[in-house]
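Step one of this worksheet: look at the structure below.
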Amino acid sequence: MAVGPINIYEYEPLARERLSKSQYDFIAGGATDEITLERTRRILDAIVLRPKVMEDVTTIDTSTTVLGHEITFPVMPAPSGAHARAHPDAELATVKAAADAGTVMLLSSGSTYTMEEVAQAAEGPIWFQQYFYTDRGMTVEVAHRAEDAGFSAICLTLDIKTNSKRERNIRNEYVPPQTGNYQWASNLVRDPAASWDYLEWLASKTALPIVMKGIMTAEEAARCGQYGAKALVVSNHGARQLDTTFATIEVLPEVVDAADGQVEVYMDGGVRRGSDIVKAVALGARAVLIGRPLFWGLAVDGQAGVSHVLQILRDEMEMTMTLCGRPNLASLDRTLLGFRSPLLDVLPQAGGFDG
């Protein structure tokens, strides 16, 4: 019997076989030259682990909390539009897989199914993603609609004040999905003038905690709590908006330090291995979000595919923690990681590496 995919990287080519070229390129692609897209993996791979071997790792605990919700491991499905691109069960499959994995799903306002339909199918906590709209009344209306449907947080995406140049889409003459809810969300105008006063105003209008997604600098991280946010996501929109930015994990430490415990800090961007999760948590992230791997799992095997993607990441994370001598998330800190070769401190600077 043939063995199925055993890691996230093996899911992607299988998904590519099942998707049209335009849909695959939409999901996989980034902005302009896709420099940040490529940089993200290079940086993650360049961070090295410093294992301890004489530690008791009989039991590995990957559990944590996010805004008071207990989750079994620090991974959440990111808000990503129109899961029907990959499978007709779309977000209904993803939300069930998230519940099975014991984690929180963030639902995109550009979902295939309505927020009420997904909330009805949910068996665990769910958060709703929206934007600051030009019509402030609509912003509050959408937030209240999410609250009424049973969502427990609002995630505001900050980094789409204008459309990016995604050259794969231009070449493919890509046409966005015409499903009702996706089309509804597309017709709401995002406010290019949105600033901190808008956040403060919205926080006063909803009982739901607000998560700010798209923070990439210490300066803005420090302000999130001051203006009413309860959490933030270090995110560059999967390298899909502005090219030649830092990878998210590069700026994660400065954001965590600036947040200073006033808001919870999460991170997305390029997570493909359990060791990536360990590195992010060690640098201060409370949890990570995954986007593209959800589509690969959906395309290959629907809900079961997403469940398997999440299980792979959890298994790899547990293995990495065990081999590093770190039994729980509290034991993951910056002493676990390295980025600069120790040889630079002991070998003559004039020497070279001949390979």
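Structural remarks
- Selection of the range 153-185 for residues being part of a loop (DSSP other than H, G, I, E, B) and over 29 Å from HIS69 (Cβ atoms) yields LYS161, THR162, ASN163, SER164, LYS165, ARG166, GLU173, TYR174, VAL175, PRO176, PRO177, GLN178.
- Check on VAL118, touching a Ser or Thr at 6+ places or on another chain (Cβ under 7 Å), among the β-branched types (Val, Ile, Thr), buried (at least 21 other Cβ atoms within 10 Å of the Cβ) and more than 29 Å from TYR198 (Cβ to Cβ): no
- Within the option set ALA146, ALA82, ALA86, being within 17 Å of PHE295 (Cα to Cα), in contact with a Leu (Cβ under 8 Å, 6 or more places away or on another chain) and touching a residue at least 40 places away in the same chain (Cβ under 8 Å) holds for one residue only, ALA86.
- Residues within the range 180-202 that are farther than 12 Å from TYR133 by Cβ, crowded, with 18+ Cβ neighbours inside 10 Å and either touching a Lys or Arg at 6+ places or on another chain (Cβ under 8 Å) or not aromatic (Phe, Trp, Tyr) (or both), tallied: 2
- Enumeration of residues in the range 286-330 that are hydrophobic (A, V, I, L, M, F, W, C) and surrounded by fewer than 20 Cβ atoms within 10 Å (Cβ to Cβ): ALA304, MET319, LEU323, ALA330
- In the range 42-89, the residues that are basic (Lys, Arg) and under 22 Å from LEU283 (Cα atoms): ARG42, ARG50, LYS52
- Just so you know, in the range 333-355 the residues that are in a loop (DSSP other than H, G, I, E, B) and of a type in the set (A, V, I, L, M) include one that is modelled with the highest pLDDT, and it is VAL346.
- Spans of helices (runs of 4 or more DSSP H) in the range 186-282 with at least 1 residues within 13 Å of the chain's Cα centre (by Cα) and either under 30 Å from VAL48 (Cα atoms) or polar (S, T, N, Q) (or both): 248-259, 274-282
- Every residue from the range 56-85 that is part of a loop (DSSP other than H, G, I, E, B), within 18 Å of the chain's Cα centre (by Cα) and not β-branched (Val, Ile, Thr): SER63, LEU67, PHE73, PRO74, ALA78, PRO79, SER80, GLY81, ALA82
- Among the residues of this structure, LEU158 does not count as one that is more than 23 Å from MET76 (Cα to Cα), in contact with a Gly (Cβ under 8 Å, 6 or more places away or on another chain), crowded, with 20+ Cβ neighbours inside 10 Å and not hydroxyl-bearing (Ser, Thr, Tyr).
- Filtered residues of the range 42-55 (kept if part of a helix (DSSP H, G or I), surrounded by 13 or more Cβ atoms within 10 Å (Cβ to Cβ) and in contact (Cβ under 8 Å) with a residue 60 or more places away in the chain): ILE43, LEU44
- Restricted to the range 1-41, and to residues there that are in a loop (DSSP other than H, G, I, E, B), surrounded by fewer than 18 Cβ atoms within 10 Å (Cβ to Cβ) and of a type in the set (A, V, I, L, M), the residue that is modelled with the lowest pLDDT is MET1.
- Any hit, the range 86-103, residues being part of a loop (DSSP other than H, G, I, E, B), touching a Lys or Arg at 6+ places or on another chain (Cβ under 8 Å) and surrounded by fewer than 23 Cβ atoms within 10 Å (Cβ to Cβ): no
- Looking only at the range 280-317, residues that are over 19 Å from LEU44 (Cβ atoms) and among the charged types (D, E, K, R) come to 1 in all.
- LEU106 among the aliphatic types (A, V, I, L, M), assigned to a strand (DSSP E or B) and crowded, with 18+ Cβ neighbours inside 10 Å: yes
- Being among the hydroxyl-bearing types (Ser, Thr, Tyr) and within 21 Å of PRO79 (Cβ to Cβ) is a condition met by at least one residue of the range 265-288.
- Residue list for the range 161-175, filter: surrounded by 14 or more Cβ atoms within 10 Å (Cβ to Cβ) and without any contact (Cβ under 8 Å) to a residue 60 or more places away in the chain: LYS161
- Pick from the range 212-243, criterion in contact with a Lys or Arg (Cβ under 8 Å, 6 or more places away or on another chain) and either free of Cβ contacts under 8 Å to residues at least 60 places away in the same chain or among the polar types (S, T, N, Q) (or both), ranking: nearest to GLY29 (Cα to Cα): SER235
- Figure legend. Inter-residue proximity from the range 280-299: first residues free of Cβ contacts under 8 Å to residues at least 24 places away in the same chain, second residues β-branched (Val, Ile, Thr), beta-carbon distance below 9 Å, spacing 6+ or different chains. No pairs are indicated.
The values are calculated or read from the model by the stated rules, or taken from the named source; none is laboratory data. What you see is a predicted model, and the numbers here were worked out from it, not measured in a lab. Neighbour counts run over all protein chains shown; Cβ positions are idealised from the backbone, glycine included.
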